[in-house]
Amino acid sequence: MTEHRYNVKETESRWQSAWADKKVFEVTEDPSKKKFYALAMFPYPSGRLHMGHVRNYTLSDVVARYKRAMGFNVLNPMGWDAFGLPAENAAMENQTHPSKWTYQNIAVMKNQMKMMGLAIDWSREVTTCAADYYRHEQKFFLDFLKSDLAYQKEAFVNWDPVENTVLANEQVVDGRGWRSGALVERRKLKQWFLKITEFADDLLDGTKQLTGWPEKVRIMQENWIGKSQGLQFRFEYDGQGAQNSNIGNTLEIYTTRPDTLFGASFVAISPDHPVAAELSAKDKGIADFVAQCRAIGTSEAIVETAEKIGFDTGLKVKHPFIKGASLRVFIANFVLMDYGTGAIFGCPAHDQRDLDFARKYNLNVIPVVIPDGQEPKEFAVDMEAYTGPGRLYNSDFLNGMGVDEAKAEAIARIEKAGMGEGKTLYRLRDWGVSRQRYWGCPIPIIHCDACGVVPVPEDQLPVTLPEDVHFSQPGNPIYNHPTWKNVDCPTCGKEAQRETDTFDTFFESSWYQFRYCDPQNKDRGFAKDKVAYWAPVDQYIGGVEHAVMHLLYARFFTRALKKCGYLDFDEPFTALFTQGMVTHETYKDSAGKWLYPADLKKVGDKFVHAATGEAVTVGRIEKMSKSKKNTVDPVEILETYGADAARLFILSDSPPERDLEWTESGIEGAWKYLNRLWRLVMNADFNGTGGDTDAMRRKIHKTIHDMTQDLEKFHFNKSVARLRELSNALEDFSAAKGDGATLKEGCEVLLRLMSPMIPHIAEELWQAMGHKTLLVDAKWPEADASLLANDTVTMGIQVNGKLRATVTLPKDMAQADAEKAALSEAGVQKAMEGKPARKIIVVPNRIINVVV
RNA sequence: GCAGGCGUGGCGGAACGGUAUACGCAGCGGACUUAAAAUCCGCAGGGAGCAAUCCCGUAGGGGUUCAAGUCCCCUCGCCUGCACCA
């Protein structure tokens, strides 16, 4: 063979066309073949592909191509999570319609994806903002209504009082609206909810079966569902509470620590509690305090990190067990209305938030749980609450009990007294799906003054978005539209109004994995039999930032669809892989302004600004982001080095679950390797007769074996290392004029093994070696078991755990012989200093440890 | 604040509880070249020593074990999520 330069651009686009022309990656249901559904989380069409996308789709592509070579019928689809807030922001900034902006972005990004050479079945492309997609979820919603899985209730939103609009959490910056700068307040709106809590226990049980998921994600989901056993009971007001007839005689609270009741020193209710509202009506001080608490966003992180403040309502409640004792009732900003009853009792000694609050307002701190092994007299709580196990004291009938025993006893006593009952509670709240925005799926509901809430009749679906909307005025453009919401009531025919809220965009991403199975279906979201063939997804891949919400919603949605008869299983994703982020160094000029890597030039080992020559400060390595300008445009990489080099670098440098630092030298290294590979195959002389054929063949087959295992376990960086080892060995073998047939076998194995990772160059070289059929259709190689075993092993010999010698011994040597061999080593003798061996531990074929 | 994760040479990283640093990047030395790039060969955790060799090393501290990067406890640092970003 003759060497000529490797022409990346020409080669890559040629093979991309070849695969597309032959429809290599288009699939249909084929019951004779085992299916494999590989799925990457679909992108939001933000404008251009970023490196996180490139990493994600490279990973899923390796899986899809590898499984394909293994003989599976592989579904590997792609689509667009196309509804969302950024399209509306762009509309406001550039006066482009969200639809136009979105579809333009899709066109650009699809083109960019094609440059990556992905093994995608593009005939199944799905776009969620298209009516032929979202019409089906409108139908699902109507089914959920019928199945009692959807309902309306009041809930809080972030309200910008200047723009008169609802803000997303990300639009709230330091408690203020991002555009207006006005202080954000919590405001109540009537909204639609899906009853995810109906499946709380089922979702919890389900996580235990998800053995193909990372342990950490399962734990996060379990914690998010947050099942807790506790006590819900009623405090009786002491004195004046009863005077306000609207408040009633009792205050109901929930606690997970009924064992600490004797340590209670106050009661606190949420600012959003009905009692707080009742008191606000009559007391300006309380009203002002509640308003102060509400002048803060709705996000839990903000509420929980805010300084704890409280207000004494003047109300008091009687302690249920201590005669004559009463507790003051506060309104406290750290009590969440969404959890339990929106009211708690505070036990400062054993809860950090309660302790912070008690220290601030000079309330009693009464320890009632003493850590095991400590005397009550010695035990005190200062600024750190004790939340661990121990024995109860100071607690009357609970004294001496352990925490769990005391919990059970306290619950039993309260139940006996008729004041309350033990209760299982979940942290999980129902899923609020209403959004006061334009660029989303319209909720198919009509509000009629006479008939109330009326579902849109199914034959009137889809309810499509109005196109002639304006973003110049504040508020929801769909609500502001002059005519769209006016409609006749389907029941009584009188004038009525459409619901103007749209669905949360998590709605679309909760079922797209099923739409891919039957993307052209006009009648329904998907045919049951097609989903039965392809689903559930065998390998789902995406960012860990979706570990809780998206994945939990999709798991719920699958159960809800099952309840409505659409499918017959519970879990949408059998296996999950969460990838790390792509990071890059950051750069600043002397004025402290961020600089793009592309605007820099390297002079010696320092960076300067390419245009001005000004010195540049190199900052820390952070997640690529537009705001820090530490991004590298994938397209520039694809155009300079090609898809294979980008893919190889992404796979080789870090394990996929960890962060990947993008570096210029890294992509250069990948590029160099491709050229080296090119030379290896193109210069190979397949007529040689020398070399250590036996060793070479063992290396080839060991690589097949090891690499197959690595791919199964997502150890792609190790796979790349093994490929490099094999090609290094083949280079040496080739240089030694090694046996031609063995060299050919080695090169072909190498190409087949690397094909899922760097498919273009592998295909090119495969053809250069004389093959007439596509490498992409070649089977995965199998290792010859007889070549995997070695006759000898190198064992380390330790004396007292420290390595003193290594010896090469026959494999599976008898223990006594191994001991003898170990003791005869000079280094071992020396380290033993003439002392006798007390014990010798032989780990067969691995290590020998002599204890003296 | 709560929850989850991560931490190994100059750098990215290897390492069923069993020979720490595979593979690569950067570096150094050499070959080729008028020269450079590219390419090829070699060296390479830190310290001491002419050397054989020895000591120290997996964020820090403690523990379990014949043996700990790996298991347990504590501390520190960084990252992710927190329900209207996707």
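Before moving on, here are some points about what is shown:
- Every residue from the stretch A:660-689 that is farther than 28 Å from A:Gly738 by Cβ, in a loop (DSSP other than H, G, I, E, B) and of a type in the set (Ser, Thr, Tyr): A:Thr663
- Considering residues of the stretch A:506-524 that are buried (at least 24 other Cβ atoms within 10 Å of the Cβ) and of a type in the set (S, T, N, Q) only, the residue nearest to A:Asp459 (Cα to Cα): A:Ser510
- Search result, residues across the stretch A:320-336 that are away from RNA strand B (no atom under 12 Å from the Cβ), hydrophobic (A, V, I, L, M, F, W, C) and part of a loop (DSSP other than H, G, I, E, B): A:Phe321, A:Ile322, A:Ala325, A:Val335
- Just one of the listed residues (A:Ala91, A:Ala64, A:Ala38, A:Ala87) is among the small types (Gly, Ala, Ser), crowded, with 16+ Cβ neighbours inside 10 Å and not in a helix (DSSP H, G or I), namely A:Ala38.
- Residue that is away from RNA strand B (no atom under 16 Å from the Cβ) and either crowded, with 19+ Cβ neighbours inside 10 Å or under 11 Å from A:Asn333 (Cβ atoms) (or both), where the choices are A:Ile302, A:Ile286, A:Ile309: A:Ile286
- The helices (runs of 4 or more DSSP H) found wholly in the stretch A:477-536 and carrying at least 1 residues that are of a type outside the set (Lys, Arg) and under 19 Å from A:Cys448 (Cα atoms) occupy A:477-480.
- Among (1) of a type outside the set (A, V, I, L, M, F, W, C); (2) touching a strand residue (DSSP E or B) at 6+ places or on another chain (Cβ under 8 Å); (3) under 24 Å from A:Glu198 (Cβ atoms) - the single one A:Glu508 does not satisfy: (2)
- Close Cβ contacts (under 9 Å, 6 or more residues apart or on different chains) running from residues in the stretch A:536-551 that are farther than 20 Å from A:Glu29 by Cα and without any contact (Cβ under 8 Å) to a residue 40 or more places away in the chain to residues that are within 15 Å of RNA strand B (Cβ to nearest atom) and among the β-branched types (Val, Ile, Thr) comprise A:Glu545/A:Thr578.
- Only a single criterion out of (1) modelled with pLDDT of 95 or more; (2) surrounded by fewer than 21 Cβ atoms within 10 Å (Cβ to Cβ); (3) within 12 Å of RNA strand B (Cβ to nearest atom) is not satisfied by A:Leu726, namely (2).
- Scanning the stretch A:537-565 for residues that are within 16 Å of RNA strand B (Cβ to nearest atom) and assigned to a loop (DSSP other than H, G, I, E, B) gives A:Ala547, A:Val548.
- Yes/no for A:Ser280 being surrounded by 15 or more Cβ atoms within 10 Å (Cβ to Cβ), over 30 Å from A:Gly206 (Cα atoms) and over 37 Å from the mean Cα position of the chain (by Cα): yes
To keep it simple, each residue is scored yes or no on (1) within 18 Å of A:Asp504 (Cα to Cα); (2) aliphatic (A, V, I, L, M); (3) more than 28 Å from the chain's Cα centre (by Cα); (4) more than 11 Å from RNA strand B (Cβ to nearest atom).
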{"position": "A:Ala119", "(1), (2), (3), (4)": "no, yes, no, yes"}
{"position": "A:Arg135", "(1), (2), (3), (4)": "yes, no, no, yes"}
{"position": "A:Ala150", "(1), (2), (3), (4)": "yes, yes, no, yes"}
{"position": "A:Asp174", "(1), (2), (3), (4)": "no, no, no, yes"}
{"position": "A:Gly181", "(1), (2), (3), (4)": "no, no, yes, yes"}
{"position": "A:Ala200", "(1), (2), (3), (4)": "no, yes, no, no"}
{"position": "A:Gly206", "(1), (2), (3), (4)": "no, no, no, yes"}
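- Pair list, Cβ < 7 Å and 6+ apart or interchain, from the stretch A:473-499 residues that are more than 16 Å from A:Pro444 (Cβ to Cβ) to residues that are at pLDDT below 95 and aromatic (Phe, Trp, Tyr): A:Pro477/A:Phe471
- Verdict on A:Thr806 being modelled with pLDDT under 90, touching a Gly at 6+ places or on another chain (Cβ under 7 Å), farther than 18 Å from A:Trp15 by Cβ and of a type in the set (Ser, Thr, Tyr): yes
- Test: residue in the stretch A:233-241 that is of a type outside the set (Asp, Glu), in contact (Cβ under 8 Å) with a residue 60 or more places away in the chain and surrounded by fewer than 18 Cβ atoms within 10 Å (Cβ to Cβ): yes
Conditions tested, residue by residue: (1) in contact (Cβ under 8 Å) with a residue 24 or more places away in the chain; (2) assigned to a loop (DSSP other than H, G, I, E, B); (3) in contact with a Phe, Trp or Tyr (Cβ under 7 Å, 6 or more places away or on another chain).
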residue: A:Lys407; (1), (2), (3): yes, no, no
residue: A:Ile414; (1), (2), (3): yes, no, yes
residue: A:Gly418; (1), (2), (3): no, yes, no
residue: A:Gly422; (1), (2), (3): yes, no, no
residue: A:Leu425; (1), (2), (3): yes, no, yes
residue: A:Leu428; (1), (2), (3): yes, yes, yes
residue: A:Gly440; (1), (2), (3): yes, yes, yes
residue: A:His447; (1), (2), (3): yes, no, no
residue: A:Ala450; (1), (2), (3): yes, yes, no
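- Restricting the search to helices (runs of 4 or more DSSP H) fully inside the stretch A:215-319 and requiring at least 3 residues that are modelled with pLDDT under 90 and within 26 Å of A:Asp160 (Cβ to Cβ) gives A:300-305.
- For the stretch A:156-170, the set of residues classified as surrounded by 20 or more Cβ atoms within 10 Å (Cβ to Cβ) and within 26 Å of the chain's Cα centre (by Cα) consists of A:Val157, A:Asn158, A:Leu167, listed by residue number.
- Residues that are farther than 18 Å from A:His319 by Cα and surrounded by 24 or more Cβ atoms within 10 Å (Cβ to Cβ) within the stretch A:334-349 comprise just one, A:Val335.
- Matching entry among A:Asp812, A:Asp791 (being among the acidic types (Asp, Glu), farther than 27 Å from A:Lys718 by Cα and surrounded by fewer than 15 Cβ atoms within 10 Å (Cβ to Cβ)): A:Asp812
- Taken together, the criteria place A:Trp192 among residues that are within 13 Å of RNA strand B (Cβ to nearest atom), over 22 Å from A:Val303 (Cβ atoms) and of a type in the set (Phe, Trp, Tyr).
- Residue identified as of a type in the set (Ser, Thr, Tyr), more than 28 Å from A:Lys530 (Cβ to Cβ) and assigned to a loop (DSSP other than H, G, I, E, B) among A:Ser46, A:Ser17, A:Ser32: A:Ser46
- Looking across the stretch A:675-690, the residues that are surrounded by fewer than 21 Cβ atoms within 10 Å (Cβ to Cβ) and either within 14 Å of RNA strand B (Cβ to nearest atom) or under 21 Å from A:Ala783 (Cα atoms) (or both) come down to A:Asn675, A:Arg676, A:Trp678, A:Arg679, A:Leu680, A:Met682, A:Asn683.
- If you go through the stretch A:183-233 and keep only what is aromatic (Phe, Trp, Tyr) and within 14 Å of A:Asp430 (Cβ to Cβ), you end up with A:Trp192, A:Phe193, A:Phe199, A:Trp224.
- A single member of A:Val463, A:Val454 is surrounded by 15 or more Cβ atoms within 10 Å (Cβ to Cβ), in a strand (DSSP E or B) and not hydroxyl-bearing (Ser, Thr, Tyr), and it is A:Val454.
The values are calculated or read from the model by the stated rules, or taken from the named source; none is laboratory data. None of these values were measured; they are calculated from a predicted model. Every residue, glycine as well, gets a Cβ built from its backbone with ideal geometry; the counts of neighbours run over all protein chains shown.
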